[in-house]
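Written out below as C-alpha coordinates is the structure these notes cover.
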Amino acid sequence: MTIDKTAIRDAATVIVLRNRLIDPHVLMGQRGSKAAFMPNKFVFPGGAVDAEDADIPLATQLPAVCRDRLLEDCAQDLAHPLAIAAIRELWEETGLVLGQKGDWNITPPADWTSFAATGHLPSAHPLQFVFRAITPPGRPRRFDARFFLIDADEIASDLDDFSAACDELSHLQWIPLPKVREFDLPFITEVVLAEVAARAHDMTPPANVPFFKNNEEENLFLRLKGKGPMTGRSH
(Lines give C-alpha, C1' and ligand atoms only; values in the text may rest on other atoms or scores of the structure.)
Protein backbone atom coordinates (compact mmCIF):
# COMPACT_ATOMS: atom_id res chain seq x y z
CA MET A 1 0.00 0.00 0.00
CA THR A 2 1.30 3.45 -0.96
CA ILE A 3 1.04 6.01 1.85
CA ASP A 4 0.36 9.66 0.99
CA LYS A 5 3.13 11.35 2.96
CA THR A 6 1.35 14.71 2.79
CA ALA A 7 -1.89 13.41 4.31
CA ILE A 8 -2.69 13.87 7.99
CA ARG A 9 -2.75 10.40 9.55
CA ASP A 10 -4.59 9.53 12.75
CA ALA A 11 -2.13 8.42 15.41
CA ALA A 12 -1.93 7.37 19.04
CA THR A 13 0.84 8.17 21.52
CA VAL A 14 1.32 6.57 24.94
CA ILE A 15 2.68 8.30 28.04
CA VAL A 16 3.49 5.77 30.76
CA LEU A 17 4.01 7.16 34.27
CA ARG A 18 5.77 5.06 36.89
CA ASN A 19 5.74 5.75 40.65
CA ARG A 20 3.57 8.73 39.78
CA LEU A 21 2.46 9.56 43.32
CA ILE A 22 5.91 9.50 44.94
CA ASP A 23 8.70 9.79 42.35
CA PRO A 24 7.18 10.02 38.85
CA HIS A 25 9.18 8.68 35.92
CA VAL A 26 8.11 8.71 32.27
CA LEU A 27 9.01 6.15 29.62
CA MET A 28 10.76 7.57 26.55
CA GLY A 29 13.12 6.50 23.79
CA GLN A 30 15.20 8.15 21.09
CA ARG A 31 14.32 8.15 17.40
CA GLY A 32 17.04 7.27 14.92
CA SER A 33 19.20 9.89 13.21
CA LYS A 34 17.84 8.86 9.79
CA ALA A 35 14.17 8.94 10.77
CA ALA A 36 12.06 11.10 8.45
CA PHE A 37 9.99 12.40 11.37
CA MET A 38 11.68 13.97 14.41
CA PRO A 39 15.16 12.41 13.98
CA ASN A 40 17.28 12.09 17.16
CA LYS A 41 14.46 13.36 19.38
CA PHE A 42 13.38 11.66 22.59
CA VAL A 43 9.70 10.79 22.27
CA PHE A 44 6.91 8.71 23.77
CA PRO A 45 5.99 5.40 22.11
CA GLY A 46 3.39 5.90 19.41
CA GLY A 47 2.48 5.77 15.75
CA ALA A 48 -0.21 5.85 13.10
CA VAL A 49 -3.47 3.91 13.17
CA ASP A 50 -3.51 0.88 10.86
CA ALA A 51 -6.59 -0.14 8.87
CA GLU A 52 -6.82 -3.49 10.71
CA ASP A 53 -6.82 -1.82 14.16
CA ALA A 54 -10.61 -1.43 13.93
CA ASP A 55 -11.03 -5.22 13.95
CA ILE A 56 -8.83 -6.13 16.93
CA PRO A 57 -10.81 -7.22 20.02
CA LEU A 58 -10.45 -5.50 23.38
CA ALA A 59 -10.69 -7.14 26.79
CA THR A 60 -11.88 -3.84 28.29
CA GLN A 61 -13.04 -0.56 26.77
CA LEU A 62 -11.87 3.02 27.09
CA PRO A 63 -13.35 5.10 29.93
CA ALA A 64 -16.62 6.66 28.77
CA VAL A 65 -15.38 10.20 29.33
CA CYS A 66 -12.40 9.52 27.06
CA ARG A 67 -14.59 8.12 24.31
CA ASP A 68 -16.73 11.24 24.56
CA ARG A 69 -13.73 13.55 24.12
CA LEU A 70 -12.35 11.48 21.25
CA LEU A 71 -15.63 11.87 19.33
CA GLU A 72 -15.40 15.64 19.38
CA ASP A 73 -14.10 17.39 16.24
CA CYS A 74 -13.82 14.04 14.49
CA ALA A 75 -15.63 12.92 11.34
CA GLN A 76 -15.96 9.32 12.54
CA ASP A 77 -15.76 7.28 15.71
CA LEU A 78 -12.08 6.37 16.02
CA ALA A 79 -12.06 5.55 19.73
CA HIS A 80 -11.57 1.81 19.24
CA PRO A 81 -8.84 1.92 16.56
CA LEU A 82 -7.00 4.67 18.44
CA ALA A 83 -7.00 2.60 21.62
CA ILE A 84 -5.79 -0.43 19.70
CA ALA A 85 -3.07 1.59 17.97
CA ALA A 86 -1.86 2.91 21.33
CA ILE A 87 -1.57 -0.60 22.79
CA ARG A 88 0.03 -1.99 19.62
CA GLU A 89 2.61 0.79 19.40
CA LEU A 90 3.46 0.43 23.09
CA TRP A 91 4.08 -3.29 22.52
CA GLU A 92 6.04 -2.85 19.29
CA GLU A 93 8.28 -0.03 20.48
CA THR A 94 8.84 -1.05 24.12
CA GLY A 95 7.81 -4.71 24.49
CA LEU A 96 5.45 -3.79 27.34
CA VAL A 97 2.05 -5.48 27.50
CA LEU A 98 -1.08 -3.46 28.23
CA GLY A 99 -3.62 -6.24 28.42
CA GLN A 100 -5.41 -8.92 30.36
CA LYS A 101 -5.10 -12.69 30.19
CA GLY A 102 -7.56 -14.09 27.67
CA ASP A 103 -8.14 -16.01 24.43
CA TRP A 104 -8.43 -14.34 21.04
CA ASN A 105 -11.67 -14.96 19.12
CA ILE A 106 -9.97 -14.13 15.81
CA THR A 107 -6.70 -15.17 14.22
CA PRO A 108 -4.30 -12.35 15.18
CA PRO A 109 -2.96 -10.44 12.17
CA ALA A 110 0.80 -10.35 11.66
CA ASP A 111 1.30 -7.19 13.73
CA TRP A 112 -0.41 -8.85 16.71
CA THR A 113 1.00 -12.38 16.58
CA SER A 114 3.75 -11.76 19.13
CA PHE A 115 1.41 -9.86 21.47
CA ALA A 116 -1.18 -12.65 21.33
CA ALA A 117 1.56 -15.18 22.05
CA THR A 118 1.97 -13.60 25.52
CA GLY A 119 -1.54 -14.86 26.34
CA HIS A 120 -3.08 -11.40 26.65
CA LEU A 121 -5.87 -9.47 24.99
CA PRO A 122 -5.35 -5.70 24.65
CA SER A 123 -7.04 -3.77 27.43
CA ALA A 124 -8.11 -0.13 26.99
CA HIS A 125 -9.57 0.83 30.38
CA PRO A 126 -6.23 2.24 31.67
CA LEU A 127 -5.90 4.65 28.71
CA GLN A 128 -6.70 8.24 29.63
CA PHE A 129 -7.06 10.68 26.73
CA VAL A 130 -5.13 13.78 27.85
CA PHE A 131 -3.98 15.71 24.75
CA ARG A 132 -4.49 16.05 21.01
CA ALA A 133 -2.27 17.79 18.46
CA ILE A 134 -2.10 18.04 14.68
CA THR A 135 1.36 18.40 13.18
CA PRO A 136 1.72 21.87 11.60
CA PRO A 137 1.83 22.22 7.79
CA GLY A 138 5.19 21.95 6.06
CA ARG A 139 6.51 18.96 8.02
CA PRO A 140 7.65 15.77 6.22
CA ARG A 141 4.95 13.79 8.06
CA ARG A 142 1.71 15.05 9.56
CA PHE A 143 -0.32 13.33 12.25
CA ASP A 144 -3.51 13.97 14.17
CA ALA A 145 -2.09 12.52 17.38
CA ARG A 146 -4.10 11.60 20.46
CA PHE A 147 -2.00 11.26 23.59
CA PHE A 148 -3.00 8.65 26.17
CA LEU A 149 -1.69 8.62 29.74
CA ILE A 150 -1.45 5.31 31.59
CA ASP A 151 -0.22 4.31 35.02
CA ALA A 152 2.69 1.86 34.84
CA ASP A 153 0.95 -0.32 37.44
CA GLU A 154 -1.51 -1.31 34.70
CA ILE A 155 1.23 -2.91 32.60
CA ALA A 156 1.01 -6.71 32.70
CA SER A 157 4.70 -7.36 31.93
CA ASP A 158 8.06 -6.56 33.56
CA LEU A 159 8.48 -2.77 33.46
CA ASP A 160 12.23 -3.05 32.95
CA ASP A 161 12.16 -5.72 30.23
CA PHE A 162 12.36 -4.12 26.79
CA SER A 163 13.73 -7.24 25.09
CA ALA A 164 10.65 -7.67 22.85
CA ALA A 165 10.87 -4.10 21.51
CA CYS A 166 11.56 -3.39 17.85
CA ASP A 167 14.43 -1.07 16.95
CA GLU A 168 12.31 2.02 16.25
CA LEU A 169 13.32 3.64 19.54
CA SER A 170 16.74 3.34 21.16
CA HIS A 171 17.84 4.21 24.70
CA LEU A 172 14.46 3.24 26.16
CA GLN A 173 14.44 4.41 29.76
CA TRP A 174 12.37 5.63 32.68
CA ILE A 175 13.25 9.32 33.04
CA PRO A 176 12.49 11.25 36.24
CA LEU A 177 9.74 13.71 35.35
CA PRO A 178 11.64 16.75 36.75
CA LYS A 179 14.67 15.90 34.56
CA VAL A 180 12.98 15.03 31.29
CA ARG A 181 13.41 18.51 29.80
CA GLU A 182 17.18 18.01 29.91
CA PHE A 183 16.71 15.67 26.91
CA ASP A 184 16.33 16.67 23.24
CA LEU A 185 12.55 16.86 22.93
CA PRO A 186 10.14 17.99 20.21
CA PHE A 187 8.26 21.16 21.10
CA ILE A 188 4.90 19.40 21.32
CA THR A 189 6.37 16.80 23.67
CA GLU A 190 7.44 19.57 26.04
CA VAL A 191 3.91 20.98 25.97
CA VAL A 192 2.37 17.58 26.66
CA LEU A 193 4.83 16.91 29.48
CA ALA A 194 3.72 20.11 31.20
CA GLU A 195 0.14 18.83 31.07
CA VAL A 196 1.25 15.43 32.38
CA ALA A 197 3.21 16.96 35.24
CA ALA A 198 0.13 18.89 36.29
CA ARG A 199 -1.89 15.64 36.28
CA ALA A 200 0.72 13.34 37.84
CA HIS A 201 -1.22 12.98 41.09
CA ASP A 202 -4.68 12.87 39.51
CA MET A 203 -5.70 9.29 38.72
CA THR A 204 -8.95 10.18 36.93
CA PRO A 205 -9.40 11.03 33.22
CA PRO A 206 -9.53 14.79 32.55
CA ALA A 207 -12.87 16.54 32.16
CA ASN A 208 -11.52 18.44 29.14
CA VAL A 209 -8.58 17.86 26.82
CA PRO A 210 -6.19 20.41 25.22
CA PHE A 211 -6.14 20.35 21.42
CA PHE A 212 -3.52 22.07 19.24
CA LYS A 213 -5.38 22.31 15.93
CA ASN A 214 -2.91 23.28 13.24
CA ASN A 215 -4.20 23.62 9.71
CA GLU A 216 -3.39 25.62 6.60
CA GLU A 217 -5.54 28.57 7.66
CA GLU A 218 -4.78 29.04 11.35
CA ASN A 219 -3.35 27.57 14.53
CA LEU A 220 -5.80 27.20 17.41
CA PHE A 221 -5.55 26.03 20.98
CA LEU A 222 -8.87 24.45 21.88
CA ARG A 223 -10.37 22.45 24.73
CA LEU A 224 -12.28 19.27 23.93
CA LYS A 225 -15.19 19.20 26.36
CA GLY A 226 -17.35 16.52 24.81
CA LYS A 227 -20.54 18.58 24.69
CA GLY A 228 -21.62 21.75 22.94
CA PRO A 229 -19.55 24.03 20.69
CA MET A 230 -15.83 24.48 21.31
CA THR A 231 -14.27 27.81 22.04
CA GLY A 232 -10.64 28.67 21.53
CA ARG A 233 -8.12 31.41 21.14
CA SER A 234 -5.39 32.01 18.57
CA HIS A 235 -2.04 30.60 19.53
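Observations on the structure shown:
- Where A197 falls short, out of the listed (1) over 20 Å from A48 (Cα atoms); (2) modelled with pLDDT of 95 or more; (3) among the aliphatic types (A, V, I, L, M): (2)
- Checking N105 against (1) part of a loop (DSSP other than H, G, I, E, B); (2) at pLDDT 95 or above; (3) not basic (K, R), the condition it does not meet: (2)
- Residue match in the stretch 135-145 (condition: among the hydrophobic types (A, V, I, L, M, F, W, C) and within 20 Å of H80 (Cα to Cα)): yes
The values are calculated or read from the model by the stated rules, or taken from the named source; none is laboratory data. Keep in mind it's a predicted model, so treat the numbers as computed, not measured.
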